[in-house]
Amino acid sequence: MLYCVECGCPSGELGQGWVAYRCDELDPDEPDDGRPSVAVYCPTCAEREFGYRRAGGPAGGLEPARAFSVTMVRPGVVPSFEVGAYEYFGRGLPLVGETIVMRRTDGADAGEVLQGYVTRVNPDSATPIAVTEVTREGTNDQIGDRR
């Protein structure tokens, strides 16, 4: 059984609809063992705190996919930031630590598809998702680049 860290309510046997988030920031009320922890939220608290949307609504249907604006950081000697240049499509915001597929929204490369490692999610921001570009190990080539 799971217990929500926000309201303390217990889950059902399977915890369906519950969400777990990795916590890299230490809780000042908890002892520091040097490792990140996992916080578990009931669907109601996850929706209120993080904008999490349950897969089923009152009618039992899936929430429609929507577009979320993405800011991408391209690492390098001088990192570049592309604020809102990409969109992620999903039924809700991704979790920090996920790798997502996103599409460029404008410019000569409009429609270009890249992968990004989610580093920040802020549902209250105009660009709620921040990612770092995923590249092939040992190269500066982008994933999907066919050179």
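Summary table below
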| quantity | calculated |
| --- | --- |
| Ala46, sole failed condition from (1) open to solvent by less than 40 Å² (accessible area, probe 1.4 Å); (2) touching a Phe, Trp or Tyr at 6+ places or on another chain (Cβ under 6 Å); (3) closer than 30 Å to Gly107 by Cβ; (4) modelled with pLDDT under 85 | (3) |
| Single residue of the range 73-100 satisfying the filter (part of a loop (DSSP other than H, G, I, E, B) and over 20 Å from Tyr21 (Cα atoms)) that is most open to solvent (accessible area, probe 1.4 Å) | Val77 |
| Residues (of a type in the set (Asp, Glu) and open to solvent by 70 Å² or more (accessible area, probe 1.4 Å)) located in the range 101-113 | Asp106, Asp109 |
| Check on Arg53, at pLDDT below 90, out of contact with any strand residue (DSSP E or B) (no Cβ under 8 Å at 6 or more places or on another chain) and open to solvent by 50 Å² or more (accessible area, probe 1.4 Å) | yes |
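The values are calculated or read from the model by the stated rules, or taken from the named source; none is laboratory data. In this text the structure is predicted, and so the values were computed from the model without any measurement. Don't worry about glycine lacking a Cβ; one is built from the backbone with ideal geometry, like all the others, and counts go over all protein chains shown. All accessible areas refer to the heavy atoms of the entire protein, side chains included, with ligands and DNA or RNA removed. Shrake-Rupley method; radii C 1.70, N 1.55, O 1.52, S 1.80 Å.
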